[in-house]
Amino acid sequence: MTLTQEQIDIINSSGNIKINAVAGSGKTTTIIEYAKTRPVKSRILYLAFNRSVKLEAVRKFSEEKLSNVQVETAHSLAYKHIVSKNNYKVRSQGYKINEIVEILNLQGTEEKHTEYVIANHINKFVTYYCNSTAQNIQELSYLDVIFEPSVKAFVKTIYAYLEKQTRIFISLMETGKIEISHDFYLKKFQLSEPVLNYDYILFDEGQDASAVILDVFMKQNATKVIVGDTHQQIYSWRFAVNSLEKIDFKIYYLSTSFRFSQDIANLALETLQLKTHLNKKPDAVITGKGDSKSYKIKAVLARTNLALLLKAIEYVTEKKVNRIYFEGNINSYTYADDGASLYDVLNLYNGKHHLIRDKLIKSMKSLKELEAYVDKTEDGQLGMMIEIVKEYGNEIPKIIRRIKEKHVPDGEKEKAEMIFSTVHRSKGMEYDSIQLVNDFITEEKILKQLKDNKNKELNFNKLNEEINLLYVAITRTKNTIHIPETLVPVEFPSCPQIYVMREEVIEENNEGEIEEHVTQAIEQRQTMKEKAYSLESIREKHKEAYKPWTIELDEELSNMYLEGIHVKDLAKHFGRTKGAINYRLLKLELIEE
């Protein structure tokens, strides 16, 4: 393997360093070579960004027989120090908003659902604190992370109550009276000021580090190496900090990308020039040396779930793609982090409260009330679900079911004709050819926001991150990119690897075209003749067939059906005939006669 001079300089360096590495520049290879050249008896810790990166790193270090390297994520490291020693019970997923209301016995005002709005802000305040270096809640101002004027005005009116209840909630986790969150034990780990017994600590994806783990990292006596890409920070909404800009270590660069060509590198660089409108100087250099000719692995990348769903519908209807794959768990595209389901929002839209499982959504009388809640909380995930429901209505279950029918298993991703992903889920991934959906930031949108908000508080960090999202998306390709015309820089030269698509922006799709997509997405139900069974044989085979349906069974059936479970499998699950299942689905108005 031939190393670049930049890689050699890093490997031969000494002391604390930071590495600004462009996409596809071989940073993992560099880190492995760096570890191989340290003294044999050195104890080395490699901090990976997430579990999947950790597993891949374990494999690579193992292949190099580097048994002195311990691979951890920040959370796995904190878990061993805090949870195991304190017998805490960890909540696998975050607390639902209605659970926070019930735990704290929150009281609303004369306005509808105020207690849920407050609970939403408590949830965010806890996350803000747990990802900060503050010793206690009082050191922080939650108002600093709110930018919508109307939301900020509301929070000011209830701030004292909000802060008090946030402190109480954290205290309940501290004393073990309720399950602790993953963010909480990471925060407690930082507050315990741990001493990590390593000679070298290698910190990956530093541009998206939480302030708490950065604080732990900086306080260690080990030789420290932090690596990342300044322009790939896309998690500030989770209160991540760009460590590369905050740490005063000697800086090294990895500016040669082995993933893509110079044409793609130029497109990425021109995209970063949008930051000049935000009074930022990108200072990026990328040399593209990728020469892949493969077209096997293709992906569609979008900024949002809604835009991705629209494009997926187009592919499974118009383009007749039969094998698709969604990065991450496909169900994560229809569920919010707090457990609220797209189907719950749909049931609210239809006034079917008895089928709604999420208590927060169940408390709403109408979709309009839920929209008011979103306006007061800046809940982007719920807002996205509302948009999908308003766009597709009762066609959603059939659409999702059609998509799931064509979805290949996780272990067969390479068999997919097309992979679909949001940029966040594609982080760290690469594909032979990519197509970008037209829902990213454009220069026109940036200039409009700057003009419209000239005398108002504008979130420049958010705009910067929107540009980063486009940059990350462009740099996922190894070969070609299909990009909407609105995302191409003005006067950018034509290139054989860059295909400019002249299409309508997602928000401006013609309603007739959408209706046509939906119509094509719905398969005609095939009618199958059942074999004739005697009454006795049916009763023997389906022992549960004649038990009455309860509210609980109806709810379970409804949700399983809406999640795309086939009638044959539903019949097996409930111990009934397919005819009985279809009849019950008809009664529940989930299918038409």
Quiz item: Of all residues in region 105-129, how many are farther than 28 Å from ASN242 by Cα, at pLDDT 90 or above and open to solvent by 20 Å² or more (accessible area, probe 1.4 Å)?
Solution: 3
Practice problem: Please determine, by comparing only the residues of region 339-372 that are hydroxyl-bearing (Ser, Thr, Tyr) and surrounded by fewer than 23 Cβ atoms within 10 Å (Cβ to Cβ), which one is farthest from LEU143 (Cα to Cα). | Solution: TYR349
Quiz prompt | Selected residue (criterion: nearest to ILE251 (Cα to Cα)) from residues of region 211-238 that are at pLDDT 95 or above and assigned to a loop (DSSP other than H, G, I, E, B) | solution = ALA222
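Answer with yes or no whether ASP199 is crowded, with 21+ Cβ neighbours inside 10 Å, of a type in the set (D, E, K, R) and touching a residue at least 24 places away in the same chain (Cβ under 8 Å). Steps first, answer last, please.
Values: crowded, with 21+ Cβ neighbours inside 10 Å: no; of a type in the set (D, E, K, R): yes; touching a residue at least 24 places away in the same chain (Cβ under 8 Å): yes.
Answer is no for this residue.
Among residues belonging to region 237-263 that are under 21 Å from GLN497 (Cα atoms) and among the charged types (D, E, K, R), point out the one that is most open to solvent (accessible area, probe 1.4 Å). Walk me through it before giving the result.
Residues of region 237-263 under 21 Å from GLN497 (Cα atoms): 255-263.
Of the ones still in play, those that are also among the charged types (D, E, K, R) are 259, 263.
Details: ARG259: 31, ASP263: 48 Å².
Of everything passing the filter in region 237-263, ASP263 is most open to solvent (accessible area, probe 1.4 Å).
Name every residue in region 245-263 that is in contact (Cβ under 8 Å) with a residue 60 or more places away in the chain and either basic (Lys, Arg) or closer than 19 Å to GLU443 by Cβ (or both), in order of residue number. Steps first, please.
Start the filter on region 245-263 by keeping residues that are in contact (Cβ under 8 Å) with a residue 60 or more places away in the chain, which leaves 247, 249-261, 263.
Residues satisfying the conditions are LYS250, ARG259.
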Self-check item: Top-ranked residue of region 385-409 - restricted to ones that are open to solvent by 50 Å² or more (accessible area, probe 1.4 Å) and in contact (Cβ under 8 Å) with a residue 60 or more places away in the chain, ranked as farthest from ILE313 (Cα to Cα)
Solution: GLU387
Practice problem: For residues that are surrounded by fewer than 18 Cβ atoms within 10 Å (Cβ to Cβ) and not in a loop (DSSP other than H, G, I, E, B), tally how many sit in region 88-104. | Solution: 3
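Could you tell me whether region 130-140 includes any residue that is open to solvent by less than 20 Å² (accessible area, probe 1.4 Å) and without any contact (Cβ under 8 Å) to a residue 40 or more places away in the chain?
So the first thing to find is which residues in region 130-140 are open to solvent by less than 20 Å² (accessible area, probe 1.4 Å), and the list is 130-132, 134, 137.
Now restrict to residues that are without any contact (Cβ under 8 Å) to a residue 40 or more places away in the chain: 134, 137.
Within region 130-140, one or more residues are open to solvent by less than 20 Å² (accessible area, probe 1.4 Å) and without any contact (Cβ under 8 Å) to a residue 40 or more places away in the chain.
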Self-check item: Among (1) assigned to a loop (DSSP other than H, G, I, E, B); (2) within 30 Å of ASN331 (Cβ to Cβ); (3) at pLDDT below 55, the one test that LYS547 misses
Solution: (3)
Quiz item: Listed residues ALA74, ALA23, ALA48, ALA57; which is in contact with a Ser or Thr (Cβ under 6 Å, 6 or more places away or on another chain), at pLDDT below 95 and closer than 26 Å to GLN190 by Cα?
Solution: ALA48
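Name the residues in region 207-236 that are small (Gly, Ala, Ser), surrounded by fewer than 22 Cβ atoms within 10 Å (Cβ to Cβ) and out of contact with any Asp or Glu (no Cβ under 8 Å at 6 or more places or on another chain), would you?
In the first step, residues of region 207-236 are kept if they are small (Gly, Ala, Ser); the result is 209-211, 222, 228, 236.
Filter once more, so that each one left must be surrounded by fewer than 22 Cβ atoms within 10 Å (Cβ to Cβ): 211, 222, 236.
ALA211, the sole residue that qualifies.
Looking at this structure, is ILE483 at pLDDT 50 or above, touching a Leu at 6+ places or on another chain (Cβ under 8 Å) and among the hydrophobic types (A, V, I, L, M, F, W, C)?
Details: at pLDDT 50 or above: yes; touching a Leu at 6+ places or on another chain (Cβ under 8 Å): yes; among the hydrophobic types (A, V, I, L, M, F, W, C): yes.
Yes, satisfied.
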Quiz item: Can you name the residue in region 311-322 that is open to solvent by 10 Å² or more (accessible area, probe 1.4 Å) and more than 11 Å from PHE420 (Cα to Cα) and is also modelled with the highest pLDDT among such residues?
Solution: ASN322
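Tell me, which strands (runs of 3 or more DSSP E) wholly within region 14-87 include 1 or more residues that are under 24 Å from the mean Cα position of the chain (by Cα) and surrounded by fewer than 20 Cβ atoms within 10 Å (Cβ to Cβ)? Please lay out each step first, then the result.
Numbers: elements: 17-21, 44-48, 69-73.
It comes to 69-73.
Would you kindly identify the helices (runs of 4 or more DSSP H) lying entirely within region 352-444 that contain at least 3 residues that are of a type outside the set (A, V, I, L, M) and in contact with a helix residue (DSSP H, G or I) (Cβ under 8 Å, 6 or more places away or on another chain)?
367-377, 380-392, 396-405
The values are calculated or read from the model by the stated rules, or taken from the named source; none is laboratory data. Nothing here was measured: the structure is a model prediction, and the numbers come from that model. For neighbour counting, all protein chains shown are included, and Cβ atoms are generated from backbone atoms with ideal geometry for every residue, glycine included. Remember, those area values only see protein heavy atoms, side chains included, never the ligands or the DNA or RNA. Shrake-Rupley method; radii C 1.70, N 1.55, O 1.52, S 1.80 Å.
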